[in-house]
Every structure is written in structure tokens, then in C-alpha cells.
1. Over all alpha-carbon pairs in segment 124-272, figure out the percentage whose distance exceeds 22 Å.
2. What list do you get for MET70, MET151, MET1 if you sort them by fewest beta carbons within 10 Å?
3. In vacuo Debye scattering of the chain, one point per C-alpha: log10 I(q)/I(0) at q = 0.14, 0.16 Å⁻¹?
4. How much length is gained on full extension from ALA76 to ASP229, taking 0.36 nm per residue of separation minus their Cα-Cα distance?
5. Modelling each spin label as a point 7 Å along the Cα-to-Cβ direction, I'd like the ARG99/ASN133 distance in nm, to one decimal.
6. Given 0.36 nm per residue, what is the gain on full extension from ARG66 to THR246 after removing their alpha carbon distance, in nm?
7. Starting with the highest mean, order 53-60, 90-97, 258-265, 205-212 by the number of other Cβ atoms within 10 Å, averaged over the residues of each peptide.
8. What order, most packed first, do the peptides 171-177, 191-197 have when packing is the mean number of other Cβ atoms within 10 Å of each residue?
Amino acid sequence: MALPRFAFFRGSVVPYSEARVGVMTHALNYGTAVFAGIRAYWNPDEAELFVFRPADHFRRFLESARLLDMTLPYTAEDLTDALTALLRAELHREDCYARPLAFYGDESIGVRLHNLTPEVSIIAVPYGSYLDNDESIHATFSSWRRVDDTMIPPRGKIAGAYVNSAFAKTDAQRAGFDEAIVLNQDGHVSEGSAANVFIVKNGAAITPPVTDNVLEGITQRTVIELLRDRLGIPVLQRSIDRSEVTLADEAFFCGTGVQIAGVTRVDHRPIGTGRMGPVVTALRRLYFDVVRGRVPEYRPWCHPVYADATALSERREKSRQTS
Ligand SMILES: Cc1ncc(COP(=O)(O)O)c(C=O)c1O
């Protein structure tokens with residue numbers, strides 16, 4: 001993956017080579033950082049890059065930071081502006097992935113969350129699919145359990161907790177599967193390694209509630225709304241037993257990275273027909289239209305990167321001509 005050209009770092013957009021930290025950095029040693037993952041979608045018809053639901057992502061980012069006792073000098077709007085400025089500097093005309101990070105930057109020894117100074121960075125890189133195959137995923141139930149709220153708060157995107165996700169993902173892939181389904185301490189379905197899970201049974205969609213140690217996904221929220229309001233599929237948020245996945249008609253992962261990915265086999269057993277079903281197929285089609293700003297009703301979720309800049313430069317040009 002090519003490195004970004006710029007980074008938002010210490011309050012401004014700087015060359016990426018200037019966004020550096022030392023090896024003693026607290027977050028690097030103890031995982032004391034929180035992050036977000038935000039996609040921006042290129043719409044060639046409008047020659048526009050749309051960031052998907054940045055305000056919602058940054059609100060969750062600020063909440064994750066609060067969980068780690070960080071007080072950041074930014075609002076969700078400030079961070080959206082910073083990301084927009086960064087993307088305008090990068091000038092991407094393709095799908096991108098942005099990574100905001102808030103981390104304890106102190107270069108000191110000692111595990112704690114207090115008396116430390118948080119810093120914020122954002123980078124953005126061109127990015128296509130997260131999974132090689134997102135229509136027929138073969139998943140496995142991981143032997144790793146999802147972090148519990150009594151261990152590391154799962155509703156925050158806390159960097160250190162992603163070692164749990166990394167174990168689940170690597171072990172699944174080394175065993176020949178595409179992805180892991182991770183159960184919580186009670187044995188209920190929690191998540192994928194970095195994605196929320198849905199099953200579809202008898203015409204209704206079911207996804208675990210936040211109390212089953214899931215990260216409250218922005219995509220999960222998006223999907224619930226699209227299923228209910230556009231596809232007429234009722235959605236239940238309740239605990240899911242492992243064997244319900246095996247007996248589901250359809251199953252899928254959703255998240256900013258994976259987007260909507262159909263799960264068609266789990267532990268060598270087919271889900272439903274063993275091929276991506278009608279609900280997941282329709283949902284994927286709708287989702288990709290929504291994120292590229294092609295569905296007027298959901299256009300407010302899509303934050304244009306260049307539109308304002310063009311308007312601004314046109315205004316500047318006009319005032320230059322009239323002065
Ligand atoms: C552990 C975990 N669960 C769920 C998700 C999905 O969240 P979102 O849809 O907000 O990207 C993510 C991130 O993408 C994640 O890291």
C-alpha cells in the first residue's frame with residue numbers, strides 16, 4: 001500500500017513524513033489509543049468524493065476517547081473539517097479509507113490512563129475491498145472470545161483491544177477460512193473480527209444488541225435503517241445463539257471495511273442454499289448506491305469533499321474579477 005502524502009497532525013495538514021512519533025510513545029507500548037475507520041466513495045458521474053457519515057464516525061471516536069479518559073480539543077465538526085482539508089490536499093479521485101487516531105503521545109514509562117496527553121492524527125489512503133471475496137465468505141466460529149465490557153470496553157474502538165480481533169482473524173485464515181465469527185463470554189454471537197453480524201431467518205433480520213459486547217457499528221445502524229425502511233425487512237436486535245447461524249437462511253458481515261459481505265458457509269456447513277441470498281444481494285446493491293450519494297433520501301449521510309471547495313474557488317474567482 002502506498003503511503004499517504006499528507007497527514008493531519010498536531011492541528012494542521014502536514015507532509016506525511018513530518019507526522020512521526022518516538023518508540024517510547026505510550027500508545028505504541030500500551031495500546032492506549034482509539035481510532036476510527038471512515039470510507040470516502042468516489043462518484044464519477046458527479047466527479048465528487050463523498051465521505052460516508054463522518055459526523056457519526058467522529059461522534060463515536062470522541063466517545064471512544066472519553067472511555068480512555070482523553071479530552072480532545074475538537075468537536076465532531078472540527079474533525080470532519082480536518083478530514084475534508086486532508087482529502088482536499090490528497091486530491092484523491094477514487095475510493096479511500098481514512099484513519100483518525102487519538103493516542104497518548106507521552107514518551108514515558110508507566111501503565112495508566114491519567115496524567116497523559118492525547119494527540120490526534122488522521123491519514124487517508126486509496127482503498128478498495130477489505131476482503132478478497134465479499135459474496136461467499138466461509139467463516140468459522142473462533143475459539144477466541146470477544147473482549148468483555150469488564151475487560152476492555154468493546155463499544156470503544158480501543159487500539160489495544162484489536163489484538164483480540166487479530167488473534168481471531170489470523171487463526172481463522174491460517175485454518176483456511178475467510179473470516180471469524182467471535183462469540184462473547186456467554187456463548188452468544190458477538191461480531192466478526194472487525195465487523196458486525198446479521199442473520200436472516202423467515203424474512204426477518206437479526207443482529208446482536210450492544211450488550212452482547214459488540215461495537216455499535218455505523219454500518220450496522222445504516223443497514224438496520226435500509227432493511228426496515230427501504231427493503232421492508234423487519235429487524236430484531238437480540239442475542240443470537242451459535243446454532244441459529246447454522247440454521248439461518250442468510251448471513252452477512254457489515255462494517256466500514258467489509259461493507260456488506262455475504263457469509264455463505266460456516267465451519268463447512270452451508271448457510272441457506274450455500275449461495276448469497278436475495279436479502280443480502282438487494283441490500284448490497286442499495287448500500288453501494290447510498291454510499292456513493294445516488295439515493296437522494298440518504299444524501300445527507302454523504303459529505304462532499306470537493307463541492308464546497310469548488311464553490312469557494314468560484315466565489316474567489318468572481319470577486320477577483322469584480323474587484
Ligand atoms: C470490532 C468492530 N466491530 C464492528 C465494526 C463495524 O463498525 P462500523 O460499521 O462503524 O465500521 C468495526 C469497524 O469497522 C470493528 O472494528
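Every number in this text was worked out from the coordinates using simple rules, so none of it is lab data. Here the structure is a predicted model, which is why all the values come from computation and not from measurement. Cβ sites come from the backbone with ideal geometry, for glycine too, and all protein chains shown count toward neighbours.
1. 34 percent
2. Fewest to most other Cβ atoms nearby, the residues stand as MET1, MET151, MET70.
3. Evaluating at q = 0.14, 0.16 Å⁻¹ gives log10 I(q)/I(0) of -1.14, -1.40.
4. 52.4 nm
5. Computed distance between label sites ARG99 and ASN133 equals 2.7 nm.
6. Using 0.36 nm per residue and subtracting the Cα-Cα distance, I get 61.0 nm.
7. Descending packing order for the listed peptides: 258-265, 53-60, 205-212, 90-97.
8. Ranking, from highest mean packing down: 191-197, 171-177.
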